[in-house]
Each structure stands twice: as C-alpha cells, then as structure tokens.
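To keep things clear, I will list the structure first and then write my remarks on it.
The values are calculated or read from the model by the stated rules, or taken from the named source; none is laboratory data. Model, not experiment: these values are computed from the prediction. Every residue, glycine among them, receives a Cβ derived from its backbone with ideal geometry; neighbour counts consider all protein chains shown.
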Amino acid sequence: MHRRLALDFVETGDDRLSEGRVSKKLPQGITSSMLYSDIVRLAWPSLLELTLTQLTSMVDLMMVGGLGAWAITAVGLTTQPKFLLMTMFVAMNVGATAMVARYRGAGEHKKANEILKQALILTFSLSLVSSIFGFIFSEDMVRFMGAADAETLAGGTVYLRIQMIGLVPLALTSTFTATLRGVGHTRIAMVYNLVANAVNVMMNYVLINGHFGFPRLEVAGASLATIIGQLVAFGIALSVVLKGDHYLHLQLKEGFKIQLHHMRNIVNIGIPAMIEQLAMRAGMIVYARAVASLGTVVYATHQVAMNIQAMSFMTGQAFAVSATSLVGQSLGKKRPDMAQSYSNHTRRVGMATSLVLATTFFFFGRQIVSLYTNDPAIIEQGTRILKLVALVQPFQSSQFILAGALRGAGDTRATMVITFLTVMLVRPSLALLFINRFHWGLDGAWIALVTDQVLRSSLVLLRYNSGKWKQIKIK
C-alpha cells in the first residue's frame with residue numbers, strides 16, 4: 001500500500017498562493033520532520049538504485065581496465081554518442097514524469113495512466129530510429145570522438161553497435177522508471193534495476209575474459225553483459241505495470257491510441273528538455289574531443305575521473321527524483337507553498353550529503369583511482385583531478401536538486417537556456433582555451449568543468465529563487 005505524504009494531509013489550496021519569490025516559511029500544520037521524512041522515503045530507493053547502477057558501471061570499467069588503457073578509452077569514447085542518441089526519449093520522459101506527478105497530485109488516476117501509454121508510444125518510436133541510426137554509424141561516431149589507433153577504434157565500434165541493439169528495451173524501461181518515480185513509486189524501479197545490475201556484473205565476469213566455458217569477448221563481452229541486464233530490467237518493469245496492483249497500470253487490451261492533448265503536453269515540456277540535452281551532449285562531445293587530443297593514456301585518466309565523478313551524481317540525482325515528484329504533486333494539488341518547502345528541504349539534505357562525498361574524494365582519491373588501474377601515471381594525475389571533483393560537490397548537488405524541482409513544475413525552458421550557456425558554450429570554450437593556448441593539459445579541462453558547474457548552479461538557484469516556476473500551468 002502506498003504510504004501517504006504530508007501533502008496528502010493538507011487542503012487543496014488556491015493556485016495563487018505563494019506565487020511570488022521563494023519563502024522559507026513552512027505551510028500551516030507542516031513540520032520540517034514531516035518534509036524530511038517524505039523526501040528521504042522517496043529518495044533512498046532511488047539513491048540505492050542509482051548508486052549501485054553506477055557501481056556496476058565502475059565495475060565494468062575496472063574489468064575492462066584489465067585489458068589495458070586502450071580498452072578504457074574505447075569504452076569511454078562511446079559514452080557521449082550513446083547519450084546523444086538517447087536524448088530524444090530521455091527528454092520526453094521529463095515531460096511524462098511532470099505530467100503523471102501533476103495528475104497524481106490532482107487525483108486524476110485515469111489521466112496518469114493515459115500519460116504512461118502516450119510516453120511509451122513516443123519512446124518506442126524515437127528509440128527505434130536512434131537504434132538503427134546508431135548501429136549504422138557506430139564506427140564513424142567513435143572515429144569522430146577521437147579514436148587514436150586502430151585497436152581503440154575497433155573496440156569502441158563493436159561496443160557501441162551492441163549497445164544499439166539493446167537501445168529500445170533500455171528506452172522503454174527508462175519510461176517505466178520515469179513515470180513510476182513521478183507518482184512516488186521509487187522502490188519498484190529500485191528493485192528491477194538492482195536485479196539488472198547483478199545480472200550485468202555476473203555476465204561481465206563470464207564474457208569479458210571468458211569463464212565457465214564462455215568465449216573471451218573483451219569489450220564486446222562487457223557491452224553484451226550490459227544489454228542482457230537491461231533486458232532483464234525491461235521484463236520485470238513490464239510485468240509490474242501489467243499486474244495492475246500499483247497506481248500505474250498498463251492495459252494492453254485497450255490498445256495504444258495516440259491522444260493528441262496528452263502527447264502535446266508531454267512534448268511541450270519535453271522539447272525544451274530535449275534541446276537542453278542536445279546542447280549538453282554537443283558541448284560534452286566538443287569537450288571530450290579536446291581531452292582525447294591529449295592522447296590515449298590521458299583520456300583513460302579522464303575517463304576514470306569522469307566515472308568516479310558520475311558516482312557523486314547519484315546523490316544529487318536521487319534527491320532530484322524526490323524534488324521532481326513532490327513539486328509536481330504539490331502543484332497538481334494547487335499547493336505551491338508545499339512545493340517550495342519540499343524543494344528547500346531537499347536541497348539541505350543533498351548539501352549535507354555532498355560534503356561527505358567531497359571529503360572522501362579529497363582525502364582518499366589515490367585509493368579510489370587505484371581500483372581502476374596500476375598505471376602510476378594515471379593514478380598520480382587522477383588523484384589530483386579528484387581534488388577538483390571534491391571542490392565541485394556542493395555546487396553540483398544544488399544544481400541537480402533545484403533543476404529537478406524546476407522540471408517537476410514543468411519549467412524546462414529555463415534549464416534549457418542555462419544548460420546551453422554553460423555546457424554548450426562555457427565548458428568547451430574554456431577547455432579548448434586551457435588545453436590549446438595555456439597548455440594546462442587534463443588539469444585545464446577539469447578547471448573548465450568546475451567553472452561550468454559553479455556557474456550553472458548559480459543560474460539555477462537564481463531561477464528557483466525568482467518563484468516563476470510556481471506560475472506554470474499544465475492542462
């Protein structure tokens with residue numbers, strides 16, 4: 001049974017309430033402990049799920065790292081092309097999350113389930129096109145990313161092609177996850193993703209180096225293990241929404257008919273999110289190519305540092321899930337005062353967690369990097385880079401959580417503009433300047449990343465404090 005939120009105990013309000021700038025005053029009858037309880041209850045399954053998912057990614061890279069620096073680089077060069085191809089359906093999932101959260105808050109159960117179907121139609125169509133395109137042009141994309149030798153190019157190409165084969169089930173699972181999180185069912189997504197991660201790691205062991213009679217497939221084995229895990233997650237997620245004992249229930253017998261008004265709402269929120277993601281990926285590709293120009297070993301170091309930094313994303317992303325769901329539900333109930341109280345308290349919890357991570361990366365960076373490789377050059381430079389990762393933690397956490405709150409309100413245009421300015425323009429421009437003009441090497445690239453994160457966090461905070469996100473209407 002779904003436990004009630006503090007939000008469920010307050011009266012439906014006037015949508016003109018608290019439309020101005022952000023206030024720190026709590027709504028009547030609501031205490032901080034009630035808000036923290038709701039936030040943590042929604043965040044901890046996502047935190048566990050996202051953390052173990054990233055740990056699986058780290059284990060993948062550690063296992064691949066045993067093949068040599070070329071293998072780490074080969075896998076790393078596929079990251080941005082894959083994310084770029086995922087942009088369209090990931091963006092539409094932002095719209096789906098915001099819509100189901102609003103409808104749950106408003107008590108519109110039927111409409112929430114209609115949104116699930118419309119989102120699945122969009123996701124299937126967009127991911128199928130991306131999958132075919134990505135498979136055909138895998139080699140060209142890996143070469144474009146800066147593969148420096150034939151071995152890296154071949155390894156990256158086969159890895160990306162296998163990923164494209166599994167893109168459609170991955171995409172559909174992401175839509176199930178996005179909509180389940182929107183209505184606050186974060187534990188369900190946690191369970192099927194954890195099972196998938198366990199399968200992924202086991203298959204890594206038997207396929208990368210060849211154990212228990214399986215062939216030694218190296219980077220191809222790592223990619224195949226990933227999509228096997230994703231297929232398991234898809235199967236479990238599909239069975240969950242088909243059972244009908246949760247808020248979201250997919251009824252196949254009713255068919256999949258396009259409902260233009262729902263599709264329009266998803267797209268209206270999703271399009272700015274898609275432009276934001278495209279800008280981010282374009283900026284990240286330019287940034288990654290600038291780093292790749294420094295050579296295979298340096299890029300391997302960069303990939304290890306990025307992989308470790310991605311672990312630190314998990315806390316911000318998990319609390320952003322809480323912020324998105326709770327803000328969306330609060331605004332659906334016409335309680336913008338509850339929306340801002342939830343997001344303010346979520347940011348405080350995320351900030352405390354980020355300080356713990358910052359301390360860990362600063363003082364134990366060498367030990368963490370050593371888990372990936374025994375190459376002294378990579379360990380030395382990677383340790384130095386992790387001090388910059390530590391520095392950015394509080395800004396990164398704030399940016400994730402408040403951006404999640406804005407998306408829960410449907411305010412995706414603001415985050416689009418901010419991402420365009422920072423990731424598309426500031427980060428790659430500074431990276432190219434610091435690497436090619438100042439000759440600061442990998443350190444320069446990471447100084448550019450820190451600058452981007454600090455600026456983006458500041459701009460998101462300014463937008464949030466304006467309170468304009470509380471005035472956005474969704475029909």
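I'd like to know if the stretch 241-250 contains one or more residues that are part of a loop (DSSP other than H, G, I, E, B) and either at pLDDT 90 or above or in contact with a His (Cβ under 7 Å, 6 or more places away or on another chain) (or both). Yes: the stretch 241-250 contains one or more residues that are part of a loop (DSSP other than H, G, I, E, B) and either at pLDDT 90 or above or in contact with a His (Cβ under 7 Å, 6 or more places away or on another chain) (or both).
With a requirement of 3 or more residues that are modelled with pLDDT under 80 and of a type in the set (Asp, Glu), none of the helices (runs of 4 or more DSSP H) lying completely within the stretch 10-114 satisfies it.
With respect to the conditions (1) surrounded by fewer than 19 Cβ atoms within 10 Å (Cβ to Cβ); (2) under 27 Å from ILE258 (Cα atoms), ILE136 lacks only one, and its number is (2). ASP452 meets the conditions (1) among the acidic types (Asp, Glu); (2) in contact with a Lys or Arg (Cβ under 7 Å, 6 or more places away or on another chain); (3) closer than 22 Å to THR296 by Cα in every case but one. The failed one is (3).
Exactly one residue out of ARG366, ARG456, ARG384 is out of contact with any Leu (no Cβ under 7 Å at 6 or more places or on another chain), touching a residue at least 12 places away in the same chain (Cβ under 8 Å) and crowded, with 22+ Cβ neighbours inside 10 Å: that is ARG456. So which of TYR205, TYR192 ends up being in a helix (DSSP H, G or I), within 22 Å of ALA112 (Cα to Cα) and at pLDDT 85 or above? One residue alone meets the criteria, TYR192.
Taking each residue of the stretch 295-323 that is modelled with pLDDT of 80 or more and surrounded by fewer than 20 Cβ atoms within 10 Å (Cβ to Cβ) and looking for partners that are not in a helix (DSSP H, G or I) and not acidic (Asp, Glu) with beta-carbon atoms closer than 8 Å, six or more apart or interchain, yields GLY295/ALA148.
Residue-wise test of (1) closer than 22 Å to THR346 by Cβ; (2) surrounded by fewer than 23 Cβ atoms within 10 Å (Cβ to Cβ).
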| position | (1), (2) |
| --- | --- |
| ILE401 | yes, no |
| ALA405 | yes, no |
| ALA409 | yes, no |
| VAL417 | no, yes |
| PHE420 | no, yes |
| ALA445 | no, no |
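Of the residues making up the stretch 219-264, just one is charged (D, E, K, R) and under 15 Å from ALA96 (Cα atoms), namely ARG264. Which of the residues spanning the stretch 106-151 are β-branched (Val, Ile, Thr) and in contact (Cβ under 8 Å) with a residue 60 or more places away in the chain? Correct list: ILE115, ILE121, VAL142.
Please specify each residue of the stretch 37-58 satisfying the condition of being surrounded by fewer than 17 Cβ atoms within 10 Å (Cβ to Cβ) and over 18 Å from the mean Cα position of the chain (by Cα). Scanning the stretch 37-58 gives SER37, VAL40, ARG41. GLY441 - would you say it is out of contact with any Gly (no Cβ under 7 Å at 6 or more places or on another chain) and among the small types (Gly, Ala, Ser)? Criteria met by GLY441.
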